[in-house]
Every structure is written in C-alpha cells, then in structure tokens.
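Data first, discussion second: the structure below is written as structure tokens.
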Amino acid sequence: MTAPTPFVFPTADMTMTVVFAPTGTEQAAATATEENLPAEPGVTSTTAPATSSPPGGSPTSQPQVTNTTQPPTQAPAATRTATGTQQPASSSGPSARRGTSITAAYLRDRPTLDGSFDEWTLDRYRIESVVAGSSSVSGVEDLSGRAMFGWDEENLYIAVRVLDDVYVQEASGEDLFKGDSIEILLDTDVPADYYVQSLSPDDFQLGISPGAGEPGVDPEAYLWYPSSIRGSRSRVRVGAMRTDEGYRLEAAIPWSTFEVTPRSGQHFGFAFSISDNDRRGEAVQQSMVSSSAARVLTDPTTWGDLTLGGAPAPSNPTPTPGSTTGALEAVYTSQAPDINANLGDWSSGRYDVNAVVFGGGSWTGPSDLSGDLRLAWDEDNLYLAVRVFDDVYVQTESGRDLFLGDSLEILLDRDLAADAQVRNLSPDDFQLGISPGSPGPGDNPNAYLWYPQNSEGARSQVRSAARRTDDGYIVEAAVPWSVFGIDPKEGDEFRFVFSISDNDSRSTARQESMTATTSGRVLTDPTTWGRLKLTAP
C-alpha cells in the first residue's frame, strides 16, 4: 500500500471542526458547544482538515490492516491533561477507545444503495448527542438519526435514517459540511497514538452530502483529513432519498479511502455525525449530532469505537479432501505449457469454479459467471489454465483496482503447520490477482499482489495470456513460486482458493460477484479456504 505523503503539521486547518482553536491547556478540555462555534468562516470553517488515502477491502474486496506510515516523532514526555489525569510518556495504548462502541456486521451480500434499506436488518445506533449548535436544535425531529453499519473486504457500509424537518444542501466539495450532510471520523491505528490529543496521519475525516437541493441529486463525498490527500472521493458510492420526516442515506466507502485492509475483530477510533442547516439560501453549519457525546474533531481521544464483527460461519463446511471444491491437485510437469491461452497442451483434471461466494444477488447463473480450472507445477512455477464463462466482459482497471473488473484471484496459505486454526490473515498468506487484460482479454494482462501488505504491488514476473471466446474467455498463467516465497516439492500441501470476479457494468468499475473453487470462502479467514496438493505425474 502506497505510503502517504510525509505529514507536516501546518497551522491547523479546521473546516467542519465546530470548535474554535483553543490555546494552552484549553486544547485538551475543549468541547463542541454552541459557544465555541467558529464566529468567522474564514478562520475555522472555510476549509476542512484532511490527510492520506487502496482493495479496500480487498477483492471481495480488497485486502486490507494497513497502518499508515508516520514520520518519526519523539515520544511525548509525561504530561497532565486538563482534568489532572497523568498521561503516559508513551503515546501507545489499548486497541479500542472507551467511548460509544459500534459494531459493523459482516455482510455476505452487498446492499443495493438506493436509500430503501430493504436488505438491512442490523442493530440501529442512535445518533442524537448534540455536539455543536445546541440552541439551533429544537428536538429530535429537527436533527437526529438511527444508523446501521456493515462491512466486507471491499467496503464499509452505512445506512442512516435522518430526522430533519428542513432539508438544505446548497454547498459542495470541501464546503459540503455547510449543508445537511454526514461525517465520519476514523482513527485507523488506535494503539499507536491512543493518548495523543491531536490529529495524526492515521486519522481520517470524510464528509458525505446526500445530494444538491434534494437527497439523491448528485450526492458526493469529500475527504478533508489527512490534508495531504484531501479532495473529492468519487469511489464512495451513495444512494439517498427524501422521507416525510427527513431523508435516508446508504453509502459504500472503499476501505482504500482509509488506507485499511479490514479483518474481523478489528477496532478503529470512530465517530459518526450528522450536520444540519435550516437556512435556505445560506451555506452554514448550524448544528451537529454525533454517536460520540464528547466528539471533538481535533482530539481523537474523544471519539468512540468501531468494531468489525466476525464473518458468519460458512453455510457449508470446508469440503473434505478429495472433493472438487476441497483438495485440488497440481500435477508435476516436465514440459512447461506454452502461455498462449490455448488449452491444447493441458491434460490434467478440471475443477469447477462455480461456488458463488460474493454478490449472489447479481449472479444470474453459470453463463453469467463460472469456470473450469486446470493446475500444474514444476520447480519454477505454479501453472494455471482457466476457461471462464462470462456473458459480458468488462475490465477497465489495472494494478491495485483490477478486482473491480473481470479478473482472477489466488489465495494461498503456504504454512499450514504454523497456523492451521488461525482465523485471520498471517504473513504467510497471499492474495494475488490477475487481470485478463483491458479493455479486452489479452490486452495488457497484469498481476497484482495485495497480501501480505508489506509486499504489496504489481507482479510483472507473473506471465499470462488471455483470449476471448464465444461464451467468455480463457486465461493461462505461470506464477513463479518466488511470488509466494516457496521452494516446492512433491507432496507439499497448502490452503488454496481460486476465484473469478465479475463486473457486467460498462459504466462503473465494481466487483459485482465472485465464484470460487471453495464454497464458504472468506478472504480474511484462511480456515474457510480449500487445499492444494503438489502431486507427481
């Protein structure tokens, strides 16, 4: 994952702070009240704080526990906060913040972002603690909300029902907070700076507008912090609609927005807030309610906690050895196949790639997405050949984002003995993606390694060839064992899943569905993967 631009702390840029800039010990004790709303927009409210920003997931989605690189800093000496509590000399601390605790449930099926909430049956969290503009809030019907949170390997999902008697949003871009909008504060590395009462490069501030003039009309997202990467975030997908008492909003926020690779049980510093403006013809942030009663934008110690709930157990257990979706065999070959997308030199067995593991609502049948896979190996490479059945070929992306189009994925755990029962990703687990090419199969095919994150990047040493067929496409690839750090020998066995991703939308880069050799595949839980065994001819 690309490290963010080295961070330099300039004069505080405090858009959307709804706090003034206190001095001395007042900084630690500052709370967001009407009395400390910025009196002059040019001083604290014209531009918002911002910072850094990959598969957000990850393919189904993208990988993702990325710790944003921080510049070296000297550990602070022990100091006393305004409340008189002793602060440790080290800024490191517990993994979870003590404030309001919210759980995002793992979602197997991606919700439709239309504001209807039809697919949402999760816990609802109250968003009604007034943290700014208290005299402007006449009651819960004027400004409050109920929110639900979900996640998968690609996105953080949000669904919020907002009570707001007057909808006004006449601002956009960096000023969107001056109208009806929502805000997410997320600290991606709580233990590293648990006691730090100022923003760090691993803290993010994202705003979402439900729409210009009306909910659902040109909704947008803007990242203010980290300021080194501030700007519009067009990959945040938003659906919103007006209701009798306010509006509803659904959003899918790629984990790449926060430089995060998510995993079950992960904790973040978190505050979810709703801003209100009731003055038509004027762009102003009148008030704000939040999930965290003590929320102060510039002090992450006042934020709450977001926990990623565990993925549900697979609907089918991991297949037993010998089943076509369990133990696959790569047969040794003394004659490497030509990598030319011609299956004529393959005689090994075929394995079905037809277990729908993601986007079941988008999958219409085997002709929409499925495949059959062949595997072989020698001392240098793992070889694969796959015939994919796909009625619409769409691939507009490459590199880190190739999973957002028609593509292949290999998950491989090279050391079963070390972590056979571990239900999260380890440094010996690998996630490799292969694009057949863009815009068509065979046009600039490429490979990208998402996991382990410290080795993330393009893998030009992976050789592949692809061509279109009447019912889809064919891909052949030679993946050097060095990509996985493996010195292979007959009898070696690994955890392994081969998957195919599909996108049928020519106008939008997105991962709509995925089929795999192993039913129940969960990216972040290697115990749900199948097996691969290297066999003799």
Could you say which residue among Val196, Val238 is surrounded by fewer than 24 Cβ atoms within 10 Å (Cβ to Cβ), modelled with pLDDT of 95 or more and in the same structural domain as Asn277 (by TED's automatic domain parsing)? Val238
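Quick one: count up the residues across the range 451-472 that are β-branched (Val, Ile, Thr) and part of a strand (DSSP E or B).
First, pick out the residues of the range 451-472 that are β-branched (Val, Ile, Thr): 462, 469.
With the extra rule that they be part of a strand (DSSP E or B), the set shrinks to 469.
So the count comes out to 1.
Residue by residue, here is whether (1) on the phi < 0 side of the Ramachandran plot; (2) of a type in the set (A, V, I, L, M, F, W, C) holds:
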{"position": "Val386", "(1), (2)": "yes, yes"}
{"position": "Asp390", "(1), (2)": "yes, no"}
{"position": "Gln395", "(1), (2)": "yes, no"}
{"position": "Gly399", "(1), (2)": "no, no"}
{"position": "Leu404", "(1), (2)": "yes, yes"}
{"position": "Leu411", "(1), (2)": "yes, yes"}
{"position": "Gln421", "(1), (2)": "yes, no"}
{"position": "Leu425", "(1), (2)": "yes, yes"}
{"position": "Ser435", "(1), (2)": "yes, no"}
So which of Asp502, Asp471 is closer than 25 Å to Ile253 by Cβ and either in contact with a Ser or Thr (Cβ under 7 Å, 6 or more places away or on another chain) or not aromatic (Phe, Trp, Tyr) (or both)? Asp502
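Residue by residue through the range 160-200, note down the ones that are part of a loop (DSSP other than H, G, I, E, B) and of a type in the set (A, V, I, L, M, F, W, C). Don't jump to the end; show me each part of the working.
Filtering the range 160-200 for residues part of a loop (DSSP other than H, G, I, E, B) gives 164-172, 179-180, 188-189, 194-200.
Once the filter is applied, which keeps residues that are part of a loop (DSSP other than H, G, I, E, B) and of a type in the set (A, V, I, L, M, F, W, C), the range 160-200 yields Val166, Val168, Ala171, Val196, Leu199.
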Which condition number in (1) crowded, with 23+ Cβ neighbours inside 10 Å; (2) over 19 Å from Gly269 (Cβ atoms) is the one that Gln205 fails? (2)
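Could you please let me know if Ser290 is over 15 Å from the mean Cα position of the chain (by Cα) and within 25 Å of Tyr167 (Cβ to Cβ)? It would help to see each step written out before you state the result.
Working: over 15 Å from the mean Cα position of the chain (by Cα): yes; within 25 Å of Tyr167 (Cβ to Cβ): yes.
So Ser290 passes the test.
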Of everything in the range 441-470 that's small (Gly, Ala, Ser) and over 18 Å from Arg400 (Cα atoms), which residue is surrounded by the fewest Cβ atoms within 10 Å (Cβ to Cβ)? Gly442
What's the number of the only condition in (1) among the small types (Gly, Ala, Ser); (2) in a loop (DSSP other than H, G, I, E, B); (3) over 19 Å from the mean Cα position of the chain (by Cα) that Ala447 fails to meet? (2)
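Would you point out which residue out of Val475, Val497 is assigned by TED's automatic domain parsing to the domain that holds Thr527, over 19 Å from Asp368 (Cβ atoms) and outside any loop (DSSP other than H, G, I, E, B)? Steps first, answer last, please.
Details: Val475 fails: over 19 Å from Asp368 (Cβ atoms).
Just one listed residue meets the conditions, Val497.
Within the range 101-111, is even one residue surrounded by 15 or more Cβ atoms within 10 Å (Cβ to Cβ), hydrophobic (A, V, I, L, M, F, W, C), in contact with a His (Cβ under 7 Å, 6 or more places away or on another chain) and at pLDDT 50 or above?
The first filter runs over the range 101-111 and keeps only residues surrounded by 15 or more Cβ atoms within 10 Å (Cβ to Cβ), leaving 101-108, 110-111.
Filter once more, keeping what is hydrophobic (A, V, I, L, M, F, W, C): 102, 104-105, 107.
Filter once more, keeping what is in contact with a His (Cβ under 7 Å, 6 or more places away or on another chain): none.
So far as the range 101-111 goes, no, none of its residues is surrounded by 15 or more Cβ atoms within 10 Å (Cβ to Cβ), hydrophobic (A, V, I, L, M, F, W, C), in contact with a His (Cβ under 7 Å, 6 or more places away or on another chain) and at pLDDT 50 or above.
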Where residues in the range 252-281 are under 20 Å from Asp203 (Cα atoms) and among the charged types (D, E, K, R), which of them is surrounded by the fewest Cβ atoms within 10 Å (Cβ to Cβ)? Arg263
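The values are calculated or read from the model by the stated rules, or taken from the named source; none is laboratory data. These numbers come from a predicted model, not from an experiment. Cβ atoms come from the backbone with ideal geometry, glycine included; neighbour counts cover every protein chain shown.
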